[in-house]
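This report refers to the structure that appears directly beneath it.
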Amino acid sequence: MLKAGIIGLGRIGAEPSTRLAGQVPNGWLPISHIEALLATENIELKHISDVNLERVKWVSDYYNLSAKEHPDPNTLLKEQPDILTIATRTPERYDLIMQALDNNIKAIVVEKPLANSLKRTSEIIEKVVGNDCILGYGAARRAMGIYQQAKEILNSGEMGELKSITAEFGYTKLLWTLPHAVDLFLFFAGSSEVEYISGHCDLEEGQLIAPNNFDGDPLVETATIKFKNGVIGNILPCGGWNIRLGCTKGFITIHGDGDYIELNYSGKYNAYFTSSKRIENNFKESGICNIYSSISKSLGSNVHFSLITPAEIEMNQNILFGIFQSSLEGGKRLSVSSLNANLYISGRTGNLYA
Ligand SMILES: NC(=O)c1ccc[n+]([C@@H]2O[C@H](COP(=O)([O-])OP(=O)(O)OC[C@H]3O[C@@H](n4cnc5c(N)ncnc54)[C@H](O)[C@@H]3O)[C@@H](O)[C@H]2O)c1
């Protein structure tokens with residue numbers, strides 16, 4: 001049995017999924033890390049931690065846990081669980097991740113975004129790679145059956161060659177929402193090599209408190225990422241939580257956060273993609289559960305953890321910070337090598353942080 005620990009028992013850490021029953025497509029529930037840890041074979045939840053002691057007690061009672069309770073996350077880290085989840089908000093997550101790596105924990109699942117600057121990002125990734133640590137990430141859609149099915153259709157070539165990926169995730173925040181959209185760009189693009197990043201954000205007066213310090217979570221109007229293989233990703237201020245894969249012979253759209261896939265292709269007309277086919281989502285396992293079952297299969301075996309790589313998580317961060325930096329520079333196209341590693345984005349909205 002693998003011993004697991006979790007730090008951060010808030011909404012994504014431990015809030016019961018019952019509140020979302022019937023409101024999200026297949027593949028979403030259970031959504032919290034604790035539910036996924038409890039549901040995964042070969043994993044035993046041994047340690048839970050939150051600085052809010054009342055929350056620790058509530059979680060322990062609600063889930064009827066026998067796990068050791070740690071109001072101080074440091075005492076949990078010293079226990080060196082086989083798998084550690086860190087589901088606090090981002091600013092405090094950096095120190096916890098670095099300490100977990102110092103404690104040589106071999107599999108860590110962290111929430112998105114990875115960190116508040118590219119400097120912190122590269123420090124984490126360097127250590128993860130150096131320690132040969134498995135790094136799971138809270139961008140769970142790529143671990144859902146329906147997104148994986150869309151990728152199989154794309155890779156089959158039946159819709160032709162991929163040219164563009166459009167994310168319709170609303171008029172939304174860079175660090176709160178868009179790590180998910182960018183993760184899907186990386187998942188579908190077939191490349192993590194980026195030619196340029198450009199973005200336009202709607203920033204409020206006074207949020208840039210110093211040249212390298214933005215105290216807020218930038219609202220993104222539009223963003224474009226061109227990959228070196230020619231695929232172009234676009235973030236549009238349009239709602240619906242759809243991902244549209246524009247191919248030479250048609251579109252593959254994952255609608256409504258994975259509710260169903262729609263294929264559009266030519267039929268009646270050669271040049272227009274007016275014929276369509278709908279594929280329902282019949283996948284039962286949740287994305288977050290799939291992350292833990294993949295880790296459970298990989299830890300201590302020769303099975304490589306391939307759901308996501310540290311390089312993809314780092315490139316996700318590069319793209320997010322590039323969108324913001326580009327906006328500060330008037331929408332200029334930026335290469336990854338021209339990004340400012342010291343730019344800090346707090347991710348604050350009101351008194352909460354992404
Ligand atoms: N993957 C997703 O779909 C998804 C959804 C929601 C939130 N998130 C991300 O997850 C993170 C957490 O979001 P949330 O909505 O669950 O936040 P939350 O505020 O509900 O929970 C955070 C918890 O961490 C605890 N905490 C803070 N500092 C701590 C420390 N040093 N040690 C131990 N516990 C500590 C807090 O007391 C709180 O209970 C955010 O970064 C957010 O962006 C991801």
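The values are calculated or read from the model by the stated rules, or taken from the named source; none is laboratory data. Just so it is clear, the structure is predicted and the values come from calculations on it, not from any experiment. Glycine also receives a Cβ, built like all others from the backbone with ideal geometry; neighbour counts cover every protein chain displayed.
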Would you check if ILE295 is within 22 Å of the chain's Cα centre (by Cα), in a helix (DSSP H, G or I) and touching a residue at least 12 places away in the same chain (Cβ under 8 Å)? yes
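With GLY199, GLY239 as the choices, which residue is modelled with pLDDT of 95 or more, under 13 Å from ALA167 (Cβ atoms), in contact with a helix residue (DSSP H, G or I) (Cβ under 6 Å, 6 or more places away or on another chain) and not aromatic (Phe, Trp, Tyr)?
From the options GLY199, GLY239, the qualifying one is GLY199.
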Which condition number in (1) more than 25 Å from PRO25 (Cβ to Cβ); (2) in contact with a strand residue (DSSP E or B) (Cβ under 6 Å, 6 or more places away or on another chain) is the one that HIS255 fails? (1)
How about region 337-354: which of its residues are in contact (Cβ under 8 Å) with a residue 60 or more places away in the chain and not in a loop (DSSP other than H, G, I, E, B)? TYR344, ILE345, ARG348, THR349, LEU352, TYR353
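Scan region 79-93 for residues that are within 11 Å of the ligand (Cβ to nearest atom) and surrounded by fewer than 19 Cβ atoms within 10 Å (Cβ to Cβ) and jot them down. Break it down into steps so the answer makes sense when it comes.
So in region 79-93, the residues within 11 Å of the ligand (Cβ to nearest atom) come out as 85-93.
Result: ARG89, PRO91, GLU92.
Residues ALA100, ALA181: which one is within 16 Å of the ligand (Cβ to nearest atom), under 19 Å from LEU320 (Cα atoms) and in contact with a strand residue (DSSP E or B) (Cβ under 7 Å, 6 or more places away or on another chain)? It would help to see each step written out before you state the result.
On the way: ALA100 fails: under 19 Å from LEU320 (Cα atoms).
Matching residue, one of ALA100, ALA181: ALA181.
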If you take the residues in region 336-354 that are within 11 Å of the ligand (Cβ to nearest atom) and surrounded by fewer than 17 Cβ atoms within 10 Å (Cβ to Cβ), which one is nearest to GLU204 (Cα to Cα)? THR349
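Rundown of residues vs (1) assigned to a loop (DSSP other than H, G, I, E, B); (2) touching a strand residue (DSSP E or B) at 6+ places or on another chain (Cβ under 9 Å), yes/no style:
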residue: LEU96; (1), (2): no, yes
residue: ILE105; (1), (2): yes, yes
residue: LEU114; (1), (2): yes, yes
residue: GLU123; (1), (2): no, no
residue: SER191; (1), (2): yes, yes
Collect the residues in region 72-118 that are under 13 Å from TYR353 (Cα atoms) and of a type in the set (Lys, Arg), keeping them in residue-number order. ARG89, ARG93, LYS112
Within region 127-164, can you find the residues that are assigned to a strand (DSSP E or B), under 17 Å from the mean Cα position of the chain (by Cα) and among the hydrophobic types (A, V, I, L, M, F, W, C)? ILE134, LEU135
Filtered residue count, region 173-230, keeping only those that are free of Cβ contacts under 8 Å to residues at least 60 places away in the same chain and either in contact with a Leu (Cβ under 8 Å, 6 or more places away or on another chain) or over 29 Å from GLN149 (Cα atoms) (or both): 14
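Out of everything in region 220-234 that is touching a Phe, Trp or Tyr at 6+ places or on another chain (Cβ under 7 Å) and either outside the structural domain of ASP202 (by TED's automatic domain parsing) or crowded, with 20+ Cβ neighbours inside 10 Å (or both), what residue ends up being farthest from PRO25 (Cα to Cα)?
It comes out as ILE225.
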